[in-house]
Amino acid sequence: MELRQLRYFVVLGEELHFRRAAERLFISTPTLSQQIKVLEREMGGPLLSREPRVELTAAGEVLFRTGKEALRAVDAAVRETRRASAAGAPVLRFGLLNGVPPWLPSRIEELLPPGTRMVLTGGTTADQVRLLDDDEVDLALVRAPVALPSRFAQHPVAHDELGVLLSAAHPLAECDEIEPADLTDQELVMFARESAAGLHDELLRALRDRGAHVRLSDSAMGHAQMVAMLPLRPDVIGLSTSRPADRPGLAWRPLCGGPLVVTYAAIWRVPVRNPAVRTLVSVLLGDTPWQPPVP
């Protein structure tokens, strides 16, 4: 059993409702259901009944009660360990978003008080929201727009511009720029919606508003997987910055009428307790979104 699965089950035991529990956990309802089934297989029997409403079985009651106690003990151990660690050099536990521009984490590090040690934890936007809510990071980067609990604050820190990434053998690779209407009926592969739902929906809306009525692919994958797949699929397109444009077998083309824009935001819990985060936040709130350094 993983601690993550135990946390999922305890939250579900508190809510007794899959959708509400999934919203608290910042995961999709199918993901939660799948993880509970995995846990039930590990435990050797059903932990809850699903019809006509969610109720804990006798075994589920035992795991719910003892699981809450176990999680409290784990959280206490983590807090005590971090408190002991913080007695030395100040530490910033930083949620490093997958695929951010390489210069952005360095810019964050430059603003830290002297002697501060940065500890990194990678993940998607959804991962970073969960990590912050579980007090596993102090500050994280996400791709906006993102729905956050009222106990979080956020501030935009940078922008990225997206164009069309495609196989060099794709017919549209012959264009210097791509008209949005020419993307109609093209199969678009994107990241899984549950990893950054706000951005996923915003990009599709922006494409529709420009007249690009794409077909969303049944395949969903991260950026690295998309970059590896596209040279082999001249019938599929993706959205990307120009950074992978020089990869063999790939072409990157800007959209006519201007790029799609992705906003990166820093998120943190309020009130701010970590002095390193307090220093960063004071700079972020008084600054405009950063620009990439000039080569």
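The values are calculated or read from the model by the stated rules, or taken from the named source; none is laboratory data. Source: prediction; values computed, not measured. Counting neighbours? That spans all protein chains shown, and the Cβs are built from the backbone with ideal geometry, glycine included. To get the accessible areas, we keep the full protein, side chains included, count just its heavy atoms, and leave off ligands, DNA and RNA. Shrake-Rupley method; radii C 1.70, N 1.55, O 1.52, S 1.80 Å.
Taking Cα atoms, how many degrees apart are the long axis of helix 29-43 and the longest axis of the chain, rounded to 10 and kept between 0 and 90? So the inclination is approximately 40 degrees. Tell me the angle of helix 3-15 to the major Cα principal axis of the chain, expressed in degrees between 0 and 90 and rounded to the nearest ten. Helix 3-15 sits roughly 70 degrees off the main axis of the chain.
Adding -39500 (n - 2.57) for every DSSP H run of four residues or longer, then dividing by how many residues the chain holds, sets the calculated 222 nm ellipticity at -12000 deg cm²/dmol. Strictly greater than 16 Å: what percent of every Cα pair in region 87-204 meets that? Every Cα pair in region 87-204 considered, those over 16 Å come to 68 percent.
Work out, in µm²/s and without decimals, the Stokes-Einstein translational diffusion coefficient of region 1-129 at 25 °C, 0.890 mPa s, Rh from Kirkwood over C-alpha pairs. So the translational diffusion coefficient is about 143 µm²/s.
Shape descriptor for region 233-277: Rg over Rh equals 1.25 (Cα atoms; Rh from the Kirkwood inverse mean 1/r).
Can you tell me which of Pro114, Pro90, Pro180 moves the most in a GNM of the chain? Springs connect C-alpha atoms under 10 Å apart. So, out of Pro114, Pro90, Pro180, the one fluctuating most is Pro114.
Percent of Cα pairs in region 139-295 per distance bin of 5 Å, from zero to the largest separation: 2, 8, 16, 19, 17, 13, 10, 7, 5, 2, 0. Averaged over its residues, the chain has an accessible area of 51 Å² per residue, based on protein heavy atoms and a 1.4 Å probe.
Which value, in Å to one decimal place, does the Kirkwood hydrodynamic radius take for region 186-258 when every pair of different Cα atoms is included? Kirkwood hydrodynamic radius for region 186-258: 13.0 Å. Over all pairs of different C-alpha atoms in region 1-52, the reciprocal of the mean inverse distance, the Kirkwood hydrodynamic radius, equals 10.9 Å. Could you work out what % of the accessible surface of the chain is carbon and sulfur, using a 1.4 angstrom probe and leaving DNA, RNA and ligands out of the count? So the carbon and sulfur contribution to the accessible surface is 54 percent.
Our compactness index for the chain, the C-alpha radius of gyration over the empirical 2.2 N^0.38 Å, is 1.15. The Stokes-Einstein estimate for region 132-198, based on a Kirkwood radius over Cα pairs and taken at 10 °C with 1.306 mPa s viscosity, is a diffusion coefficient of 101 µm²/s.
Toward the positive end of the charge dipole of the chain, about the Cα centre and with charges on Cβ (Lys, Arg +1; Asp, Glu -1), which of Pro271, Gln34, Ser219 goes farthest? Highest projection toward the positive end goes to Pro271.
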